[in-house]
Amino acid sequence: MNKKFCRMTAFLLSAAAAISCLSPSTEAYYIFDDTVVTFDINTGDGLTKISPYIYGIADADELEGVTVNAVKQSSTALSTYNWETNYANSGAQANNSNDNSLISSYPASRWNEPALYSFDLFNKSLQNGVSSRFVTLPMLGYAAGDGSGAVLAPISAEPQHWINVASQKNDVLSTIPDINDNFVYSDEYVHYLVNKFGKAKSGGITGYFLDREPEYWQENFPMLELPKLKASSLAEKSIVLAQSVKSVDSTAMVFGPSLRGLTSYISLNDAPDWNKTGQGYNWFIDYYLSEMRKAENAAGYRLLDVLDLHYYTESVSPLGDNVLDCTDYTHEQCGRTRMQTVRTLWDPDYSELSMMHSYRQYTPLIPILQASIKLYYPGTKLSFSEYNFGGGGDISGGIAEADALGCFASQGVYLACLSPNGKDSTYQKAAINLYTNYDGEGSSFGDTLVYSDNNSDENSSVFAAVDGSDISRLTVVASNKNYSMDKEITFRITSDADYDSAVVYGFDSDSASVIRLGTVSDITDNTFTYEMPPLSVYLFEITGTSDKPVTTADDGIGAEIGEESSAETAGPTFTINTESVQNDTEKPEHSEAPLESMAPAEAETAFSDEDQDTSGGTNITEVPTGRGSTAAVSDGSDEESPGRDDNENEKSVPTFWKVVISLMTASVGGLMVYAIIIDKKI
């Protein structure tokens, strides 16, 4: 036997075995596809009211070509926005420039008009029929003091480029701001917007974000020589600014803390005081909610209406490509990974290739967040006001976006805004349109989610909804994630309605335009089969008759979004947790609204009083995760992932690959024996 040949063979087999074991999540590599799938749908089960505000966008300039129900401001420069003069600092990624780039599309004659950037938001929302619009308030403490261009020296050397920002003026608020007092006041900013557009309940600015990604202030604005943000400091700033907003417009919603990334959620990017401040808390999210609730108890009214986060996928493909930024749309592995990574939000059996794998006690993310809310600040809603899974110009991005919207619906998310990455986003917008305006005439996905199940097929998704109590119209969004094969899908519907036909709309890899694709007329016993081509997303508008419609009296669904007990209220509503109010301080106008929750009814009952642990943790329990499955959540204090057994990852790996990997592992052992014993004898 040739010794060189034997050694080479041993090396290659060992390398193959090692590569097979590199993946922290074998399921991300090996997805076996079924070409024949059954989708089970039940219009009388799993009823969940869908918030219309999950169909949003995070940039008013991106409203063209998409139908959305919410729009918000989004720019790093907003942390230093001077609403009195419209100057802002662009930050380190744009030469630290003090300029008016936020409103540069307007003629120079209007640049000195106060709050022009928010006027732009309001105006574009009206032009595009978007009734909910959200402004970002600066909370950093400094705003651009001039439009001098690049700031080359730190504030200690050239302070003239900056002006102080305070949340509260503690004086009479004016609609004509004093640009010479060396201060910009946030409550006066809100006062100006209310005077110009009306209160939130009357169609003005719907809500306010407490700055944007504050954990990156030090990194984004180096010329301000800021210390690293403390957890306690962010909580204090948030409380003061929230009080300022409520003091001017009590009907406006407050969102915070708008953090980005798992390390921010866990420790505020390793805040210098976290080891001390965070004692007794699972992660920073818990601490922040707890502090805001304490502030509510002291104030006598709710200060934080919505826990807001930013979620940009950090997943990478098996070949190491960042899914968010991958622009090679012919790269199949990137697209395959992108279409799966939404599962990190809801699926306990999925682990993406990112730092998320090392912190699985925080996944699936949304059920863990809902558990924190339930424990530390009940009644708070959840939003992802900026999110992106990449691939905006690719069919894989469209499918991921369709999955994200279905996930937000099933998980009780209140608001979600796609944040286009400045490149092509046509496929992502197509996915939104499939839910909001699939026929070009305003027809939309139903407002009440019902049970749907794709029977664990990882290369497909299904979401179904009806219109309130009317089950005669059923809308179903389905996707085929396979790159090369059709899927023969059998739709099996359990319902009190008798369905007889369906109209099909959708888009695929050939075009990002949502078009009408045909009809289905052979529905028998509420069952039909349809063949979906590779890489496609379809909406089925299924119609029929029903003598026994679903009732909503006892189904656990909250009041219609936008309703309040007072007839005068016209805008979106939110509620106060009356149990936590402990004094007789005058309450804001919204505080008497009836308690509502956009979370599924099951989530409302998943955490009983006996589940709460006064030590700061949560006993393991089950909360809905969609697809008819459940996920276990915990306080995360254990090093092991909560609610999972040691063989959890193995459960999602096909048996064939278990055998292959086992054989490869055995071969490594054999080859080691060869190298140590036999090789020496050759």
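Overview of values
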quantity: Tally of residues being open to solvent by 40 Å² or more (accessible area, probe 1.4 Å) and touching a helix residue (DSSP H, G or I) at 6+ places or on another chain (Cβ under 7 Å) across region 228-239; calculated: 1
quantity: Number of positions in region 195-204 that are surrounded by fewer than 23 Cβ atoms within 10 Å (Cβ to Cβ) and hydrophobic (A, V, I, L, M, F, W, C); calculated: 1
quantity: When residues of region 210-226 are limited to those that are on the phi < 0 side of the Ramachandran plot and outside any helix (DSSP H, G or I), the one surrounded by the fewest Cβ atoms within 10 Å (Cβ to Cβ); calculated: L226
quantity: Output for region 175-197, where each listed residue is assigned to a helix (DSSP H, G or I) and touching a residue at least 24 places away in the same chain (Cβ under 8 Å); calculated: S186, D187, Y189, V190, H191, Y192, L193, V194, K196, F197
quantity: Checking Y81 against (1) open to solvent by less than 40 Å² (accessible area, probe 1.4 Å); (2) free of Cβ contacts under 8 Å to residues at least 40 places away in the same chain; (3) of a type outside the set (A, V, I, L, M), the condition it does not meet; calculated: (2)
quantity: Some residue of region 367-381 being within 19 Å of D403 (Cα to Cα), modelled with pLDDT under 95 and either open to solvent by less than 10 Å² (accessible area, probe 1.4 Å) or touching a Leu at 6+ places or on another chain (Cβ under 6 Å) (or both); calculated: no
quantity: Flag if D286 is in contact (Cβ under 8 Å) with a residue 40 or more places away in the chain, among the acidic types (D, E) and in contact with a Phe, Trp or Tyr (Cβ under 7 Å, 6 or more places away or on another chain); calculated: yes
quantity: Pair list, Cβ < 6 Å and 6+ apart or interchain, from region 263-283 residues that are closer than 17 Å to R360 by Cα and touching a residue at least 12 places away in the same chain (Cβ under 8 Å) to residues that are surrounded by fewer than 22 Cβ atoms within 10 Å (Cβ to Cβ) and of a type in the set (S, T, Y); calculated: none
quantity: Residue match in region 97-104 (condition: among the polar types (S, T, N, Q), in contact with a Lys or Arg (Cβ under 8 Å, 6 or more places away or on another chain), outside any loop (DSSP other than H, G, I, E, B) and surrounded by 21 or more Cβ atoms within 10 Å (Cβ to Cβ)); calculated: no
quantity: Flag for G207 being in contact with a strand residue (DSSP E or B) (Cβ under 6 Å, 6 or more places away or on another chain) and open to solvent by less than 10 Å² (accessible area, probe 1.4 Å); calculated: yes
quantity: Which numbered condition S461 fails, given (1) more than 18 Å from G506 (Cβ to Cβ); (2) touching a Lys or Arg at 6+ places or on another chain (Cβ under 9 Å); (3) of a type in the set (S, T, N, Q); calculated: (1)
quantity: The one condition in (1) crowded, with 24+ Cβ neighbours inside 10 Å; (2) over 16 Å from K49 (Cβ atoms) that D457 fails to fulfil; calculated: (1)
quantity: Total residues in region 475-526, condition assigned to a loop (DSSP other than H, G, I, E, B), farther than 20 Å from Y435 by Cβ and either open to solvent by 70 Å² or more (accessible area, probe 1.4 Å) or of a type outside the set (G, A, S) (or both); calculated: 12
quantity: R492 of a type in the set (D, E, K, R), in contact with a strand residue (DSSP E or B) (Cβ under 7 Å, 6 or more places away or on another chain), in contact (Cβ under 8 Å) with a residue 12 or more places away in the chain and farther than 30 Å from L63 by Cα; calculated: yes
quantity: Criterion: touching a residue at least 60 places away in the same chain (Cβ under 8 Å), out of contact with any Pro (no Cβ under 9 Å at 6 or more places or on another chain) and farther than 30 Å from T277 by Cβ - qualifying residue of A157, A143, A153, A200; calculated: A153
quantity: Filter result for S258 (open to solvent by less than 10 Å² (accessible area, probe 1.4 Å) and on the phi > 0 side of the Ramachandran plot); calculated: yes
quantity: Residue among L319, L307 that is outside any strand (DSSP E or B) and either open to solvent by less than 10 Å² (accessible area, probe 1.4 Å) or over 24 Å from I205 (Cα atoms) (or both); calculated: L319
quantity: Filter result for the condition that a residue is in a loop (DSSP other than H, G, I, E, B) and not charged (D, E, K, R), over S118, S156; calculated: S156
quantity: Total residues in region 38-54, condition open to solvent by 20 Å² or more (accessible area, probe 1.4 Å), in a loop (DSSP other than H, G, I, E, B) and within 11 Å of I493 (Cα to Cα); calculated: 1
quantity: Yes/no for E564 being surrounded by fewer than 19 Cβ atoms within 10 Å (Cβ to Cβ), of a type in the set (D, E, K, R) and at pLDDT below 90; calculated: no
quantity: Selection count, region 464-474, where residues are touching a residue at least 40 places away in the same chain (Cβ under 8 Å), in a strand (DSSP E or B) and open to solvent by 10 Å² or more (accessible area, probe 1.4 Å); calculated: 3
quantity: Unique match (being in contact with a Lys or Arg (Cβ under 8 Å, 6 or more places away or on another chain) and closer than 24 Å to D273 by Cβ) among E215, E188; calculated: E215
quantity: Search result, residues across region 428-463 that are in a loop (DSSP other than H, G, I, E, B), within 23 Å of Y387 (Cβ to Cβ) and small (G, A, S); calculated: S444, G446
quantity: Number of positions in region 270-293 that are open to solvent by 30 Å² or more (accessible area, probe 1.4 Å) and in a loop (DSSP other than H, G, I, E, B); calculated: 5
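The values are calculated or read from the model by the stated rules, or taken from the named source; none is laboratory data. Everything numeric in this text was worked out from a predicted model, so none of it was measured. Note: ideal-geometry Cβ built from the backbone for every residue, glycine included; neighbour counts use all protein chains shown. Surface accessibility is based on the protein's heavy atoms, side chains included, excluding ligands, DNA and RNA. Shrake-Rupley method; radii C 1.70, N 1.55, O 1.52, S 1.80 Å.
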